[in-house]
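Bear in mind these aren't lab numbers, they're just calculated from the coordinates by the rules spelled out. Since the model is a prediction, treat every value here as computed from it, not as a measurement. Cβ placement follows ideal geometry from the backbone for every residue including glycine, while neighbour counts extend to all protein chains displayed.
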Amino acid sequence: MCKRVYLTAKEAEMEMQELRNKEGFTGKMETDYISRMIKDAKRNSMIGDKLQLVVDPMYIHIPEWQRRLKLARAYTIGNTYNKYKWDVPKVLFHQGRLYVIDGQHRIYGAFKAKMDAVVVEIMECSLEEAIDLFINQSQDRAKMQPMDIYKAAIAGGKIDYVKLQEICHRNNVAIKGDDDNENTVGTLTSISDGVKLSKTNPELFNAMLVLLGKLGWNGYADSYNGKAYTAKIIRALKALYAYCEGRTDEMEQALIERCKGTEFFVDNIMDKTQAQIFDYLSDIVRYEMENPFKQEKPKRKTRKIQGNVKENKQQKGVIFMGSMYRKTKQMRDFEPILKRNGFRYLRSHGSHFTYINTVTHKRITINKDLNRMVAERLMKEYDLV
């Protein structure tokens with residue numbers, strides 16, 4: 001049996017509540033007792049403008065929106081307790097109960113170590129203010145994870161996070177930190193990217209999730225562990241939408257036609273970096289959105305020479321158009337062979353022309369100085385018929 005490393009806040013609270021139930025410390029008895037303790041502390045335990053209380057850790061609740069507890073950390077705190085090192089936890093007094101806001105590892109560790117009294121600082125404020133404190137805890141403690149912030153922000157009704165949740169759930173996408181992620185198409189793990197997009201461009205974020213749903217990418221995994229809603233995918237798609245601005249409908253259609261399905265995702269996308277994903281998808285989109293064999297031929301530049309005779313600027317059969325090369329006769333004669341074997345023109349760079357196979361996405365680059373020997377070598381190397 002595997003040893004537990006983490007415990008959710010809900011599980012920790014259930015364990016502590018079970019002991020409260022055995023002790024009969026529930027309902028009106030609990031609220032009356034805690035209220036009296038707070039009243040007495042206000043008379044006797046004020047330190048400046050701060051209210052401190054000595055209380056059994058069992059009496060303190062752990063809210064469900066708290067982050068996961070790292071058990072080793074909590075046990076170490078409880079088993080090696082030193083009053084001089086005890087950093088006073090902050091506890092909210094709310095509706096007759098005490099809720100830990102800052103210091104849940106210390107409270108749970110003290111509870112597991114069977115300590116009967118710890119010093120805490122009492123907060124008397126709204127739940128929203130307490131959650132703000134939780135979200136903005138100092139960085140010298142266990143680092144806040146995006147999923148921890150997300151859960152607390154949802155509980156506090158933070159508008160950007162609520163909008164993120166609405167967009168994701170509308171598209172049947174769970175968010176890392178959701179308790180219920182069953183029957184979803186995937187889980188968004190890049191919460192920070194999702195929040196930024198939900199705030200700055202919710203329409204784009206929604207369009208991206210709709211597209212991912214139609215593509216059906218999830219990497220042969222359950223929705224929680226799928227790889228299709230990670231940071232690199234979200235950022236690559238964001239860049240692709242910007243690259244195809246004004247023609248995003250065509251871009252989406254091209255991807256749906258050529259890049260659909262989990263098998264495609266696993267074979268071609270999942271293991272690539274963000275930059276490689278963008279380059280790969282943009283090449284496919286560019287090919288689909290352009291008509292490779294119907295390029296408009298640019299007019300030849302001419303210059304006047306003696307006697308007003310016009311002369312084409314030519315060199316070795318290649319016609320220069322500024323810095324662009326046009327295909328030579330040898331290249332044009334070789335193109336039908338490429339076409340019969342499933343290759344289409346993709347792009348040119350300097351004196352090189354690149355073609356892509358529409359099925360395998362294999363590429364072939366040909367220099368302007370194509371000759372018979374090179375053509376025969378290419379046919380053999382790429383199994384051209």
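Express the relative contact order of the stretch 1-75 as a whole percentage, based on alpha carbon pairs under 8 Å and six or more residues apart in sequence.
60 percent
Rank these for me by crowding, His361, His105, His349, His94, going from fewest to most other beta carbons within 10 Å.
In increasing order of surrounding Cβ atoms, one gets His349, His361, His94, His105.
Given charges of +1 on the Cβ of Lys and Arg and -1 on the Cβ of Asp and Glu, with all other atoms neutral, how large is the dipole of the stretch 158-289 about its Cα centre, in debye to the nearest 20?
360 debye
Just need the relative contact order of the stretch 328-385 here, percent rounded to a whole number, with Cα pairs under 8 Å and 6+ apart.
Here the relative contact order equals 30 percent.
Between Ser282 and Glu11, take the C-beta separation as r, use R0 = 51 Å, and let me know the FRET efficiency to the nearest 0.05. Walk me through the numbers on the way to the answer.
Working: r = 45 Å, r/R0 = 0.89.
According to the calculation, E is roughly 0.65.
Per 0.36 nm of contour for each residue apart, how much would the distance between Asp40 and Asn357 grow if the chain were fully extended, relative to their Cα-Cα spacing? Can you show the working numbers first?
Working: separation 317, 0.36 × 317 = 114.12 nm, distance 8.03 nm.
Answer, rounded to one decimal: 106.1 nm.
Among the chymotrypsin sites (Phe, Trp or Tyr not before Pro) within the stretch 28-123, which fall in a DSSP loop and have no more than 12 other Cβ atoms within 10 Å of their own Cβ?
Tyr84
Go ahead and run the numbers for FRET between Glu263 and Ile337, Cβ-Cβ distance against an R0 of 30 Å, rounding to 0.05.
0.50
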